Amino acid sequence: MHSTLESGRRIARSSGDRISKSALVMACSFRADGEASTGVCNRQRAASRLDSIPAALYSALAMELNVGITFTQEQEMLRSSARAFLNKEAPLTFVRSLEQAPASFPAELWKKIADLGWPSLPVPAQYGGSDGSFLDVAVLLDELGRAAFPGPYLWTALSAMLLQQYGSEEQKRKHLPAVADGVAVFTIAWPEKAGEYTAEHLAATLHLAAGGYALTGNKYFVPCGSYATHYLVAAKTPEGKVAVTIVPRVQASVSAKALATTGWDNQANVDFRATPVAKGDLLPGDGAAILERAIQLGAAMQSLFMSGMAQRALEFTRDYAKVRVQFGRPIGSFQAVQHHLANMASDADISRNTAYRLAERIVQGGDIAFEASAAKAWCAPACMRVMQTGHQVHGGIGVITDHAMQMYFLRMKPLETLLGDADFHTKRVGARLMDLVA
């Protein structure tokens, strides 16, 4: 591993601001050979080692990403104020109480959040928003993850970004001010029975009808599906193309059934039965491109949220190891426990660096397809390792239902799979690599 990391560091230095094609190929060689190599790795050789590629890429990526992240004074103030607000208004006792009401979210709390301006951050000023950057949103997601907050912020912010990038001027003027004010809560309704996140698996259809279209189909695992005011729904047009349309939830032809997921994260199955859709509610442009952008931004946002959860789990596990006494001494003094904590710190810190550097890339613009999938493919299993190791350090107390360790573990599980699990994103990383070395 040391040689791989050293190699990754050299790759990062030599490849400048971005991981270059040659760096990726060399990273493949490092992992496959177990030591640094400057040999040429052709496409066939790379393909034969696909299973061993991700770890090397992540090591190289982590080294490149392991640079200081500079936050503005305003972002530091946003972080501290968000942490203080969540500690007061949404402590763990409150978060746990929401497990008894999976189909709703307290309107008064969302109103307070809207008053703080959080939903307006990703909305441009011309539409009533705060014109914040993705890095501003990233700071919030990090803090929301620390609090294991189950509200709709991630999905509303993601939808607002998609509306801003792909919506028509009329759609932006109609919906973005409502998002900024906290009146509208958007989410995405995409996967169906197969649970796949690819356009070819879409079965929902838009048929021509009076005044526009009629939407028919079933959507599964819709985040906040029971109380979101609007869905961004992916479906096939009569021409067989992918389209994304805006659909209000409250209407007779739409029904949402709340799901009892492991994380109690307000997912629902949503049925559309010839639901009227005006032509003006279809987002212009290629629907497949919109879905692809949703995967990329969503992977980045989930990575930030998960890294926040991992950091908090590390902290309360470390604190527990200091005070839990066994054989007359704190368990944190035992080398085996120290190793556990060191592994947790490594996974949590690399996840955080990876997620924040990806946020910086998004602010800079350009293609983030590779980086987004690499981040999700790394952060999801790494943050789950933090949870699993935290359980080992806590022992039996960590699995009782009112302990934070149990709650963080269960809330992490759905984030692993929504918008693609680690296997899904690892395949995307591999496919991207094949394109680069072709």
Point to revise | So residue 420, is it over 22 Å from residue 289 (Cβ atoms), in contact (Cβ under 8 Å) with a residue 60 or more places away in the chain and open to solvent by less than 10 Å² (accessible area, probe 1.4 Å) | key: no
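Just one of 274, 252, 235 is assigned to a strand (DSSP E or B), at pLDDT 95 or above and open to solvent by 50 Å² or more (accessible area, probe 1.4 Å); which is it? Steps first, answer last, please.
Numbers: 252 fails: assigned to a strand (DSSP E or B); 235 fails: open to solvent by 50 Å² or more (accessible area, probe 1.4 Å).
Unique residue meeting the criteria: 274.
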Study note, to complete from the structure: Residue count, region 166-203, condition free of Cβ contacts under 8 Å to residues at least 60 places away in the same chain, in a helix (DSSP H, G or I) and closer than 30 Å to residue 108 by Cα, comes to 6
Exercise for review: Sort out which residues of region 291-322 are open to solvent by 10 Å² or more (accessible area, probe 1.4 Å) and hydrophobic (A, V, I, L, M, F, W, C), and write them in order of number.
Suggested key: 291, 305, 314, 316
Point to revise | Complete set of residues in region 133-148 that are open to solvent by 10 Å² or more (accessible area, probe 1.4 Å) and not in a helix (DSSP H, G or I) | key: 133, 147
Check your understanding: Of all residues in region 206-232, which are surrounded by fewer than 23 Cβ atoms within 10 Å (Cβ to Cβ), among the β-branched types (Val, Ile, Thr) and touching a strand residue (DSSP E or B) at 6+ places or on another chain (Cβ under 6 Å)?
Key -> 216
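Check whether at least one residue in region 153-167 is within 23 Å of residue 316 (Cβ to Cβ) and open to solvent by 20 Å² or more (accessible area, probe 1.4 Å), and report yes or no. Give the derivation first.
Step one: list which residues in region 153-167 are within 23 Å of residue 316 (Cβ to Cβ), which gives 153-154.
Restricting the remaining residues to those that are open to solvent by 20 Å² or more (accessible area, probe 1.4 Å) gives none.
No; the residues of region 153-167 include none that is within 23 Å of residue 316 (Cβ to Cβ) and open to solvent by 20 Å² or more (accessible area, probe 1.4 Å).
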Point to revise | Subset of region 398-408 (residues that are open to solvent by 10 Å² or more (accessible area, probe 1.4 Å) and without any contact (Cβ under 8 Å) to a residue 40 or more places away in the chain) | key: 399, 400, 401, 403, 406
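Can you name the residue in region 49-91 that is of a type in the set (Ser, Thr, Tyr) and at pLDDT below 95 and is also farthest from residue 382 (Cα to Cα) among such residues? Walk me through how you get there before you give the answer.
Start the filter on region 49-91 by keeping residues that are of a type in the set (Ser, Thr, Tyr), which leaves 52, 58-59, 70, 72, 80-81.
Going one step further and asking which of them are at pLDDT below 95, we end up with 52, 58-59, 70, 72.
Values: 52: 17, 58: 11, 59: 13, 70: 24, 72: 28 Å.
Taking the candidates together, the pick is 72.
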Review point. Restricting the search to region 367-417, which residues are under 13 Å from the mean Cα position of the chain (by Cα) and over 19 Å from residue 352 (Cβ atoms)?
Key: 413, 414, 417
Point to revise | Number of the exception - residue 96 against (1) basic (Lys, Arg); (2) at pLDDT 95 or above; (3) over 26 Å from residue 425 (Cβ atoms); (4) open to solvent by less than 60 Å² (accessible area, probe 1.4 Å) | key: (2)
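The values are calculated or read from the model by the stated rules, or taken from the named source; none is laboratory data. Just so it is clear, the model here is predicted, and its values are computed rather than measured. Heads up, the Cβs are rebuilt from the backbone with ideal geometry, glycines too, and the neighbour counts pull from every protein chain shown. Ligands, DNA and RNA are excluded from the accessible area calculation, which covers all protein heavy atoms including side chains. Shrake-Rupley method; radii C 1.70, N 1.55, O 1.52, S 1.80 Å.
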